[in-house]
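Taken together, the values in this text are just the output of simple stated rules run on the coordinates, not laboratory data. Note that the structure is a prediction, hence the values are computed from the model and not measured. Because the Cβ atoms are built from the backbone with ideal geometry, glycine has one as well, and the counts that use them run over all protein chains shown.
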């Protein structure tokens, strides 16, 4: 079984209150009064208090087309990714040259050479490190990347792997003729990165820094994973690439799909390991938005306190897409009242896709 040696997040320096972002978005999009009122309601009901952006707000007026914007994405995603990975490696007590597999995921920009290729020399990793850049999984990619790393470490139990999820959602907000889904997305998504260091079962425990990278106890082990595509739902969430960049595809059915599909899938997943929802010590839930969190809670018949960490993550930084569930994982591991026992990570994304991980935290 693989174990999580450290989790670290990195956020851009520009932090804004939600009301400030609503005012800026209305001005940037030149919204007339009726649509401005709609935007203000969306921002007020998003469950977000603050978010971070890679640029200062006035600089978004100067974004000029897909190419220059993507250049900014590469520059800032590389810097933020280096900060997150460097912090996670230090917390785990792992040298960059000891990393055997480097998985990166992002869906808010495109880089060729990929972000991992740019980060390997910057971080001091070996030139022969195995690299897996992932694109297209959207919000589920943080959980999916962790699952695929676990699969790899089952075959290479003496190896160490790093996962980086970095998303600069603010660079993808359309400023011309925004649709209602565009406005919803602009109210929810923030910029940020998260990195996880994962070690195989044969890596010596004493080499894993301070346990889970937080100084709070033994490193959580990954026990099992499961991936699921919900049939006939691929139009519910995603990107559409137009001449001016990415436009979000987001339908009102998303929360309904989650509530309909998730409970049965989680029940079967836990039953395979002779567990029930009541046995789970903590839930690491993707904070897709208030309605998505509600759908997870209701589908699994959880009490509100079981999704409180996801709501706090959403309130503090917004939806970070692929990095969000890793941000929630990091918060869960440092909370002093998180009990030992099974943890379940729930990732959600386009497809509609669901990624589940069963973890265990020893006493």
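Of note:
- Sequence of 297, 41 once ranked by neighbouring C-beta atoms within 10 Å, starting from the fewest: 41, 297
- Relative contact order for segment 269-332, counting Cα pairs under 8 Å that sit 6 or more residues apart, in percent: 38 percent
- Sites residue 45 and residue 241 - FRET efficiency at Förster radius 41 Å, r taken between beta-carbons, to 0.05: 0.90
- Gap separating the Cα centres of segment 11-85 and segment 263-302, nearest whole Å: 31 Å
- Relative to the longest principal axis of the Cα atoms of the chain, helix 141-155 runs at roughly 20 degrees.
- Here the calculated FRET efficiency for residue 202 and residue 334, from their Cβ-Cβ distance with R0 = 41 Å, stands at 0.90, rounded to the nearest 0.05.
- The distance between label points at residue 260 and residue 155 comes to 3.6 nm (points 7 Å beyond Cα on the Cα→Cβ vector).
- Note on segment 309-363 and segment 233-248: Cα centroid distance 25 Å, given to the nearest whole angstrom.
- Each Cα pair under 8 Å and six or more residues apart adds its separation to the average, and for the chain the resulting relative contact order is 25 percent.
- Estimated from helical segments only, the mean residue ellipticity of the chain at 222 nm is -11500 deg cm²/dmol, where each DSSP H run of four or more residues counts as -39500 (n - 2.57).
- Acute angle (nearest 10 degrees) that the helix 18-28 long axis makes with the longest principal axis of the chain, alpha-carbon atoms: 50 degrees
- With eigenvalues of the C-alpha gyration tensor scaled by 5 and rooted, the chain, Å: 31, 25, 17
- Mean separation of Cα contacts under 8 Å (6+ apart) over length of segment 2-207, as relative contact order %: 34 percent
- Rounded tilt (10° steps) of 253-271 against the dominant C-alpha axis of the chain: 0 degrees
- Backbone N atoms of segment 326-354 closer than 17 Å to the 7 Å Cα→Cβ label point of residue 15 belong to residues 327-328, 331.
- Segment 164-196 residues near the modelled residue 30 label - backbone nitrogen below 16 Å, point 7 Å along Cα→Cβ: 174-179
- Stretching the chain fully between residue 312 and residue 279 yields a gain of 9.6 nm (0.36 nm per residue, less the alpha carbon separation).
- Length gained on full extension, residue 135 to residue 1, computed as 0.36 nm times the residue gap minus the Cα-Cα distance: 45.6 nm.
- Neighbour-count order for 180, 137, fewest beta carbons within 10 angstrom listed first: 180, 137
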